[in-house]
Structures are given as structure tokens and as C-alpha cells.
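Reviewing the structure listed below.
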2 protein chains.
Amino acid sequence: MEIHASIPALRTALKGRSRIVFVPTMGNLHAGHITLMREARQHGDTVVASIFVNRLQFGPNEDFDKYPRTFAADCAQLEAAGVDVLFAPTETDLYPEPQQYQVDPPGIQNQLEGEFRPGHFRGVATVVLKLFNIVQPQIALFGKKDYQQLMILRNMTRQLALPIEIVGSDTVRADDGLALSSRNGYLTPDERQEAPRLSRVLAGIREAAAAGERDFAKLERAAVAELNAHGWRSDYVAIRRQSDLQTPEPGDRELVVLAASRLGTPRLIDNLEFQLPA
Amino acid sequence: MEIHASIPALRTALKGRSRIVFVPTMGNLHAGHITLMREARQHGDTVVASIFVNRLQFGPNEDFDKYPRTFAADCAQLEAAGVDVLFAPTETDLYPEPQQYQVDPPGIQNQLEGEFRPGHFRGVATVVLKLFNIVQPQIALFGKKDYQQLMILRNMTRQLALPIEIVGSDTVRADDGLALSSRNGYLTPDERQEAPRLSRVLAGIREAAAAGERDFAKLERAAVAELNAHGWRSDYVAIRRQSDLQTPEPGDRELVVLAASRLGTPRLIDNLEFQLPA
């Protein structure tokens, strides 16, 4: 695996490469990321990963400096997963000057995750656009675990006419249903036992909708109540349409339920897509 | 000259073309635009022009519908100037849905021209980024006449790591110094006689600075006073540094003086770069 920190060196390395598939990360990789890398391999000839902890997407209450950096272990995993080229810029490589030109996503950036992480999606959109311009992939993969991020990047890519196909990759889960996340490592053993409730609650909403329940607000309230009755502190459980995460309107059938809730210290997020019958 | 309206058709036409030079326009072409096209020819192998009247960059007080559309005459001029490919999308081609993802330039977007044209530079930056993503040129040319636009697009391109070289092209002037502009056509014969004063006033500031004058505020006030004494209504005359159009700080040597002023109905803009001695 080639590793490049500088933009010109990466550009030279990628010159003439066909069918580039790109998977951006912030490092601190777990099995979910590695599944993304293996999936990337099936979409093209050259798999490029990036590791960059993006200061722009950290909110005022989020600790950029304490974000785990595990570069050597990450490299070993990427190499084993068959990644061809790793782009690992320093902050000076990617932000040699204050980033004044940013992508401004629409109002959804301030809802759901955005309500609790002001400026987060503006920072995500800006760094991913910049990485896209550097790597110039034909395809980019993002996990569905960060569903709102995937939606925003897919819509940004389409609306800015970037010649890139965005692929959403299914969330990797533990056997008990818990979505893999680096944050799971912060759970106590008792919390780890309780944690799969989040995915069960989401599955319950999908089942209720399949059984004909259309009072989504009631389903959302019941889900929050169940979580909070078991020691969670929930930020939201929200049923939205997949395309833009707006509140479903009559006729919308492609839906997703998204949730964020704290169990002890860590804040876990999860989501589940579902379809309403025609 | 090939003409394409659809994005996929243009992409197909440009596939495999080497060294693409791009000159975006809103049509209604005059000799200044044509000079840009001939200059483009010297920078690469394939000269691509675009004509698109961009609704996003029109302010609430600016009449999008009344902007002159002279497509047939424009095509004839582009063809004669040796343009290889014209991209002329309809609004549905370029904005098939409301443009929700936009580039947000920094505060300078609300100064100088931006003070009088709210949202203008956000609209310019967004459409040019989108055109860049469609055409994917190696080089793009913009006239220095719209100096603030050139500065914003140059800085956007660098900050978003687009692999595109931005070239600023010298303003084309009539023999008496008046910068060419489609707006000159709206001047009465008397106004047309008076109009070159704008460039003379700017040249006077350059000379005063060369002669050692460093009280820029005084020079700006005197320039506005002279114009307004001759029937102009001036929006601004401002000495700024070239790189980001901020107020010069001690040590800044690469400067530009920019002006916007109404003479009768039309609002004319002009600018002049100059250097301070070390």
C-alpha cells in the first residue's frame, strides 16, 4: 500500500489509474470500515482510502484533540484489506490556510445530528468536496451508519454535478444487533449488554409500520420512552424519508428511522431503512 | 464548433480531450469576451466556452428576465474566435432541482460589489464550481474587469483544491480608456463622452500612489468627489490588496483600485492594478 501525505504526491500516484474507488475516514478504524474497504474493491480497480481527522466538523463542545489517533494500526488493517493507496494528509497539507470557502448544505444540516452538532455537516461537506477534488474518484463509499452524512454527501455530489457515484454501504452489526462504532469501546460491560436495545427499538418501528401503523409521532414517542425507561438519554428518534430526511409526506414510501441516544457516557447513533407498501 | 446543452452530451464530447481551457460567460458577448477566447486558445488544445444566464447570481433588484439573450450572434462570434465546444445548458439542464448546496465565500462577498448585489458572489461561486465539475478544465480564464469575481473564483479554486489554473485576462478598453462592457450600450452620446473619466480617475490614483501618496482614504474620497462633480453617482472607489481585496496593511505592495459608479442609467465598474515600490 502506497501512503501519501502531500496533495501533489497523491495526484502523481493516481495519474492514469483507472476506476478509482474512494473511502474517506477519520481513522480509528473498526471492522465496519474494513468491510467498506473490501466492498470498495468490488466497485473498481484502484481503492484509495484517506485518514484525516477533520477539525472543521468538530463542534465547539467536541474535543478534536482527544479524537483517537491510531495510525499504525489503521495502516495495517487497510493494507490487509487490500487498499492500494492511502492518502493521509497533515492539517498543513489539507488546510494550509484557514478554510474560508465552504460548502453550505441546506437546512437539514441543522436538524437531527446537526441540531446537536452545530456546523458539523458544513465541515463534513467541505472536507469531502476537497478530498473528492484531490482524489477525483469515479465512486465513493460511505457507511449507512452515518445516514445523514451519506444523504448530505449524495445530494451535494448530485447538486454540484460531480462526476462521482456515491454508494451507501450497509451498517455492520454485532451478533446482537449493535451497530459497530468506535464509541462502543466506551461502554461498560452492563451498558454493552443494554446497548442492542437501540437497534431493537428501530426494528420495532419498522415492524409497526409494516403492520399498518401510520402515526409516526406516536411511534417516535414510544421509542424514546422505552429507551429512557432503560437508562438512555435520547436526543431523537425520528422517522424521515430517505431522499432528504424531511418529514414524510403522504405518498412517501422510502423511509428511514434515525436515532441518537446516550447510554452512560457514549452517545450512540443508529438507523434503519424501511419501505411502506404501495 | 460543437454545441451541447446537456451535461452527459458535453461530457461525452470532452472525453479524452487534452488540455481543456474553459471560458464561462453569460452570453451577450462583446470584443472583451472574444479577446478572452483568443487568449484561451494559447493556453491549451481544446477551448470550451459556456453561455448560461445564471439566475442564482441575480439579486432581488436585478432583472433576470431582461438580461439580453443574443444566442445566435454569440455563436457566430465564438465560432469565428476558434472556440471548439460551446456548452449552452438550459436552466433545466443546470438546475433540474432548486440549488440547495451552495458555495459560501467569506465576508468579502458582502463588500464592494457584494454590498450592492446581495447573494451575487455566492451565486457566481456556486455556478462556476458546478461548471468546473462538468467541464473539468485544466485552465479557466476570467476577465480582470470583474476583479472581485476573479479574486473569489481564484481563491475558491485554490481552497477547494480544484486541479484548475485560474488565469486573469487584462481588461479590453476603447481607445479613450473606457473598459468594454455590454452596459456601455446604454450610455447616451453625452454620457459616452464622459464615461472614460472613470478609468482616468483610477489612473490618477495609481499615479498619486507612485508619487508617494499613502493616504488612501483621501485618494478614494477625492476620486468619488471628482466623479460626482461630473454627474456620476458613485457606489465606491476603494484601494485594496489584490490577493483578497482586504484593506491594505503596511507592507502590502500588490494593490488594486476598484470603482463602481452610475452615469445616467448604467452602472459602470472598472479597476486598475498597481504596485507600491519596495
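Annotations for the structure displayed:
- Complete set of residues in the stretch A:192-215 that are touching a helix residue (DSSP H, G or I) at 6+ places or on another chain (Cβ under 8 Å) and either closer than 25 Å to residue A:265 by Cβ or of a type in the set (Phe, Trp, Tyr) (or both): A:192, A:195, A:197, A:198, A:201, A:202
Every residue, every condition in (1) farther than 17 Å from residue B:162 by Cβ; (2) in the same structural domain as residue B:54 (by the TED database); (3) touching a strand residue (DSSP E or B) at 6+ places or on another chain (Cβ under 8 Å), yes or no:
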| site | (1), (2), (3) |
| --- | --- |
| B:72 | yes, yes, no |
| B:86 | yes, yes, yes |
| B:90 | yes, yes, no |
| B:97 | yes, yes, no |
| B:104 | no, yes, yes |
| B:108 | yes, yes, no |
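- Residue list for the stretch A:1-29, restricted to those being buried (at least 17 other Cβ atoms within 10 Å of the Cβ) and not hydrophobic (A, V, I, L, M, F, W, C): A:4, A:24, A:25, A:27, A:28
- The stretch B:154-169, subset away from chain A (no Cβ under 11 Å) and either farther than 11 Å from residue B:139 by Cβ or over 18 Å from the mean Cα position of the chain (by Cα) (or both), residue surrounded by the fewest Cβ atoms within 10 Å (Cβ to Cβ): B:168
- Residue A:204 vs. criteria loosely packed, with under 14 Cβ neighbours inside 10 Å, part of a helix (DSSP H, G or I) and away from chain B (no Cβ under 14 Å): no
- For residue B:18, the stated conditions hold: it is at pLDDT below 95 and outside any helix (DSSP H, G or I).
- The residues of the stretch B:207-230 that are outside any helix (DSSP H, G or I) and either at pLDDT below 95 or of a type in the set (Gly, Ala, Ser) (or both), listed by number, are B:211, B:212.
- Selection of the stretch A:178-201 for residues being at pLDDT 95 or above, assigned to a helix (DSSP H, G or I) and over 14 Å from residue A:261 (Cβ atoms) yields A:189, A:190, A:192, A:193.
The values are calculated or read from the model by the stated rules, or taken from the named source; none is laboratory data. None of these values were measured; they are calculated from a predicted model. Neighbour counts run over all protein chains shown; Cβ positions are idealised from the backbone, glycine included.
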